[in-house]
Amino acid sequence: MKLIAIVAGVSLWMILCAEAKAQKPPLLPEKDVAALANEVSGEAAKRDLEGIARFHRQRGSKGFHEAAELVAERLRAYGLSGVAILQFPSDGKIFYGTQRSRPAWDGESAELTEVDYIGPTPCGEEVLKKALHMMVDCANLFLWKITGYEAEPITLAEDSESAEVRGGLVDVGRGTEESDYEDKQVKGNFVLVSAQPGAAQDLAVGKYGAIGIISYAQNQKTAWWGEDQNLIRWGHLDTFSKNKTFAFMVSPKTARILQEKLARKELRLLMASVKAGQHPGNYEVVTATIPGADPKLKDEEIVFSCHLDHERPGANDNASGCAAILEVARTLAKLTSEKRLERPARTIRFVFPPEIEGTLALLNGEGAAVPITENVRDGDPRLHTLYENAFHMHGAALAKRVKAVIHMDMVGGGPETKAVFHVTSGPMSLPSFVQDVAWAFADWVNEESYKFAATGKADYPMVAPEGGKEPLRAEYSAFTMGSDHDVYQDSSFGIPAIYLNDWPDRYIHTNFDSAANIDPTKLKRAAFIGAASGYVLAKLSGGDALDLFPAMTQGRDQRRILFAKRFRQLDKEEATKLFRVTAQYDGKEALSWHEFSPSPKGVMQTPSDVQIGASNEAKTSGTSLVIYSRKKEPKGPLAVFGYNYFAERAKAAGIETPKLLSYEGLWGSGEEYAYEVLNFADGKRNAQEIRDAVSAEYGPVPVEIVVEYLKALEKIGVVAVTH
Ligand SMILES: [Zn+2]
């Protein structure tokens with residue numbers, strides 16, 4: 001009975017649904033949406049992805065350069081303007097804002113081999129020496145190749161150095177604590193560790209004299225963590241460690257075999273042969289544009305961003321984001337040149353950098369002067385010439401011309417990856433409507449794709465012929481960190497960003513993040529949402545404000561849902577503060593479109609007119625009332641890629657690690673608090689107000705901990721006290 005009722009209900013609903021009037025697409029005339037939806041191709045994107053995923057794309061490496069050449073060639077073929085591969089010198093000394101450039105790194109070859117023999121040692125020292133070079137002539141000697149760079153470049157940890165060594169193996173557990181090494185004969189042997197090699201190298205190699213590292217570090221934690229014993233995870237050594245070494249990454253299965261042999265005392269000798277190393281090189285950033293049509297507004301830019309680096313295959317992370325923005329480039333270039341879409345007022349730029357560090361080089365590259373210890377400055381004339389040539393800039397620096405960014409990092413995960421697609425809102429320190437634009441399109445694709453999945457009928461199913469038919473089910477999500485959107489939205493740049501990303505992905509950063517798991521339908525939808533959003537933003541002028549209203553209302557409703565869930569976790573006092581902070585956010589967000597209005601004066605009140613704080617006086621006193629403001633330089637978040645600006649300077653100044661950096665809040669922790677505390681230090685908020693703002697975002701935190709961090713920032717010269 002119950003079953004029948006359900007079935008009848010469902011079929012009635014299906015009929016209603018099929019007969020319901022199609023939902024009008026948001027923000028653009030339907031003919032524009034139809035043109036975009038028809039042109040954007042998941043197959044074309046996947047073909048580009050397959051090309052990119054062939055390369056082992058480490059920063060500054062040959063593989064990265066080959067991928068960059070491929071992207072540049074595609075951009076030229078797609079008819080983009082000003083296609084260039086920008087080069088920013090990276091030698092370990094030059095700074096780009098907060099990023100100490102990391103020297104380029106290349107691997108050439110690497111093999112890890114077990115040497116075994118039957119019976120008593122039959123071959124003597126000479127043969128073993130030869131065995132190291134694979135010139136073996138001994139009937140009883142067996143060489144078992146454990147892993148090699150030729151087949152799996154991921155097996156060689158980034159920043160490994162050349163070596164020809166052999167020795168025994170010692171299992172040291174995680175390998176990150178002194179106690180892991182107690183009573184073990186590490187000197188002259190390899191160590192097997194479960195941590196990332198970079199976390200173990202100073203103890204293992206520096207202190208205890210290991211000859212090399214074998215790591216079976218596991219993937220990022222998700223529900224599927226540890227299930228697949230065949231995954232080899234991407235590994236890193238510390239770029240700047242004095243204890244240079246090499247490390248092999250192996251699967252948990254391989255590690256277990258080695259451990260079992262150790263337990264049975266059957267593992268006699270390992271040999272490693274590595275040709276790899278750091279060298280001065282360049283961060284390369286591919287770029288191209290679709291020039292804007294308006295004589296004035298063409299100097300403003302909407303940027304499509306991804307990151308082109310990472311281990312091979314790195315299909316979802318992040319060949320997918322790069323292939324998707326390439327498809328946006330192809331689609332917009334084609335439709336505007338054929339006049340099926342009006343060419344937008346603002347210039348649309350596409351950038352393909354190595355993650356975070358390349359974006360910092362790009363945004364800081366022109367003339368930013370940061371005094372640093374090595375006396376090499378990022379105002380180096382070499383950089384200026386390169387940058388000037390590439391951008392033909394005679395006006396404001398790129399960072400000042402960019403109005404908004406659409407950043408894609410992991411946007412192709414099919415069902416096999418378990419990915420959920422997110423439209424991620426910005427940090428609360430940078431209220432903006434741009435994410436609402438993306439959410440309006442994503443929500444519409446959600447509805448259309450669900451209608452199609454449920455009934456087989458929809459005006460815009462957004463399905464690629466070779467792709468899946470599952471509904472998109474994109475989620476509107478609170479701000480999360482971890483990719484280039486952090487850099488743009490850092491308060492030193494203040495550029496709002498739409499961040500489209502998959503999470504979880506059970507294959508991220510492993511040898512199984514392969515093109516086979518990428519769904520062309522997903523790529524099509526991500527590219528469509530990005531293209532439509534970017535096109536709206538590139539066209540937007542003051543007169544369009546009313547058109548934004550429904551999208552902004554929808555976005556606000558989504559945020560309200562997120563905030564409502566947070567309210568329930570707070571006591572009355574904290575809930576009141578949260579309410580105030582969210583109201584301030586909404587007020588500023590509502591005015592944020594004025595950034596896009598050609599003549600803002602007289603049309604609006606400025607965001608700074610919205611009251612901040614105001615009712616904390618009763619509780620605050622002393623240090624809580626001090627107002628901090630961020631200095632102009634250095635630009636960028638303080639913890640960046642492979643380098644921590646704060647940690648290096650705090651150590652030099654003898655500052656104890658502030659408690660904030662390990663603080664666990666209700667909705668966020670350490671680095672997240674730190675990122676936003678600095679962003680909120682705007683010369684208007686006092687320490688208590690900064691505390692209330694980050695507490696609304698990541699959960700209540702004691703004001704003393706925030707003050708301690710602000711004082712540390714003041715000591716290293718990043719913020720100043722405003723009187
Ligand atoms: Zn990524």
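Glu327 fulfils the conditions (1) surrounded by 22 or more Cβ atoms within 10 Å (Cβ to Cβ); (2) not assigned by TED's automatic domain parsing to the domain that holds Met408 except for a single criterion, (2). Of the candidates Thr553, Thr582, the single residue that is within 30 Å of Leu666 (Cα to Cα), touching a helix residue (DSSP H, G or I) at 6+ places or on another chain (Cβ under 7 Å) and of a type in the set (Val, Ile, Thr) is Thr582.
Taking the condition more than 16 Å from the ligand (Cβ to nearest atom) and buried (at least 18 other Cβ atoms within 10 Å of the Cβ), does Glu311 pass?
Details: more than 16 Å from the ligand (Cβ to nearest atom): no; buried (at least 18 other Cβ atoms within 10 Å of the Cβ): yes.
For Glu311, the condition - more than 16 Å from the ligand (Cβ to nearest atom) and buried (at least 18 other Cβ atoms within 10 Å of the Cβ) - is not met.
Part of a helix (DSSP H, G or I) and within 16 Å of Glu475 (Cα to Cα), is that true of Ala526? Here the answer is yes, as Ala526 does meet what is asked. Of the listed requirements (1) under 26 Å from Ala583 (Cα atoms); (2) modelled with pLDDT of 95 or more, Ala618 misses just one: (2).
Report, by residue number, each residue of segment 326-355 that is out of contact with any helix residue (DSSP H, G or I) (no Cβ under 7 Å at 6 or more places or on another chain), more than 13 Å from the ligand (Cβ to nearest atom) and in contact (Cβ under 8 Å) with a residue 60 or more places away in the chain.
Quick first cut of segment 326-355, residues out of contact with any helix residue (DSSP H, G or I) (no Cβ under 7 Å at 6 or more places or on another chain) only: 333, 336-339, 342, 349, 355.
Filter once more, so that each one left must be more than 13 Å from the ligand (Cβ to nearest atom): 333, 336-339, 342, 349.
Of everything in segment 326-355, those that are out of contact with any helix residue (DSSP H, G or I) (no Cβ under 7 Å at 6 or more places or on another chain), more than 13 Å from the ligand (Cβ to nearest atom) and in contact (Cβ under 8 Å) with a residue 60 or more places away in the chain turn out to be Ala333, Ser337, Glu342, Arg349.
Pairing residues of segment 561-586 that are under 17 Å from Arg685 (Cα atoms) with residues that are of a type in the set (A, V, I, L, M, F, W, C) and not in a helix (DSSP H, G or I), at Cβ distances under 7 Å and at least 6 apart in sequence or on separate chains, gives Leu578/Leu570; Gln584/Val610; Gln584/Ile612; Tyr585/Met428. The set of residues in segment 404-425 that are within 30 Å of Tyr673 (Cα to Cα), more than 16 Å from the ligand (Cβ to nearest atom) and surrounded by fewer than 24 Cβ atoms within 10 Å (Cβ to Cβ) contains only Lys418. Applying the set (1) of a type in the set (D, E, K, R); (2) at pLDDT below 95; (3) under 27 Å from His236 (Cβ atoms) to Glu633 leaves exactly one unmet item: (3). Checking the condition crowded, with 18+ Cβ neighbours inside 10 Å and at pLDDT below 55, which residue from Leu386, Leu363 passes? It is Leu386. The residues listed here are Phe240, Phe246, Phe304; of these, the one that is within 16 Å of the ligand (Cβ to nearest atom) and modelled with pLDDT of 95 or more is Phe304. As a summary of the residue check, Met604 satisfies the conditions (1) of a type in the set (A, V, I, L, M, F, W, C); (2) modelled with pLDDT of 95 or more; (3) assigned to a loop (DSSP other than H, G, I, E, B) except for the one numbered (2). Taking first residues from segment 262-273 that are touching a residue at least 12 places away in the same chain (Cβ under 8 Å) and partners that are among the basic types (Lys, Arg), the Cβ contacts under 6 Å between residues at least 6 apart in sequence or on separate chains come to Leu267/Lys261; Leu269/Arg166; Met271/Arg166. Within segment 169-205, if we keep just the residues that are exposed (fewer than 15 other Cβ atoms within 10 Å of the Cβ) and either among the β-branched types (Val, Ile, Thr) or in a helix (DSSP H, G or I) (or both), the residue that is farthest from the chain's Cα centre (by Cα) turns out to be Ser179.
Asn501 meets each of the listed conditions (1) under 23 Å from Pro461 (Cα atoms); (2) over 21 Å from the mean Cα position of the chain (by Cα) apart from (2).
What are the residues in segment 222-277 that are basic (Lys, Arg), within 16 Å of Asn511 (Cα to Cα) and surrounded by fewer than 17 Cβ atoms within 10 Å (Cβ to Cβ), if any?
If we filter segment 222-277 for residues that are basic (Lys, Arg), which is where we start, we get 233, 242, 244, 253, 256, 261, 264-265, 268, 275.
Applying the additional criterion that residues be within 16 Å of Asn511 (Cα to Cα) yields 233, 253.
Across segment 222-277, the qualifying residue is only Lys253.
Kindly check whether there is at least one residue in segment 541-563 that is of a type in the set (A, V, I, L, M, F, W, C), within 16 Å of the ligand (Cβ to nearest atom) and under 28 Å from Thr222 (Cα atoms). The answer is no, given that none of the residues of segment 541-563 is of a type in the set (A, V, I, L, M, F, W, C), within 16 Å of the ligand (Cβ to nearest atom) and under 28 Å from Thr222 (Cα atoms). Within the option set Lys565, Lys539, being of a type in the set (Lys, Arg) and buried (at least 17 other Cβ atoms within 10 Å of the Cβ) holds for one residue only, Lys539.
Across segment 482-520, the qualifying residues are those that are under 17 Å from Leu678 (Cα atoms) and among the aromatic types (Phe, Trp, Tyr), and the one among them that is farthest from the ligand (Cβ to nearest atom) is Phe493.
Any residue in segment 447-466 that is acidic (Asp, Glu), touching a helix residue (DSSP H, G or I) at 6+ places or on another chain (Cβ under 6 Å), in a helix (DSSP H, G or I) and modelled with pLDDT of 95 or more? Can you show your working first?
The initial filter retains those residues of segment 447-466 that are acidic (Asp, Glu), namely 447-448, 459, 466.
Those still in the list that are touching a helix residue (DSSP H, G or I) at 6+ places or on another chain (Cβ under 6 Å) too: 466.
Now restrict to residues that are in a helix (DSSP H, G or I): none.
The answer is no; no qualifying residue exists.
Against the numbered list (1) surrounded by 15 or more Cβ atoms within 10 Å (Cβ to Cβ); (2) modelled with pLDDT under 95; (3) part of a loop (DSSP other than H, G, I, E, B); (4) not assigned by TED's automatic domain parsing to the domain that holds Phe352, Arg166 comes up short only at (3).
Hey, does segment 238-247 have a residue that's part of a loop (DSSP other than H, G, I, E, B), in contact (Cβ under 8 Å) with a residue 12 or more places away in the chain and aliphatic (A, V, I, L, M)? Checking segment 238-247: not a single residue is part of a loop (DSSP other than H, G, I, E, B), in contact (Cβ under 8 Å) with a residue 12 or more places away in the chain and aliphatic (A, V, I, L, M).
Would you call Ser449 crowded, with 19+ Cβ neighbours inside 10 Å, in the same structural domain as Pro25 (by TED's automatic domain parsing), under 19 Å from Gly412 (Cβ atoms) and within 16 Å of the ligand (Cβ to nearest atom)? No: the conditions fail for Ser449.
The values are calculated or read from the model by the stated rules, or taken from the named source; none is laboratory data. All values derive from a computational prediction rather than experimental measurement. Methodologically, a virtual Cβ is constructed for each residue, glycine included, from the backbone with ideal geometry; neighbour enumeration extends over all protein chains shown.
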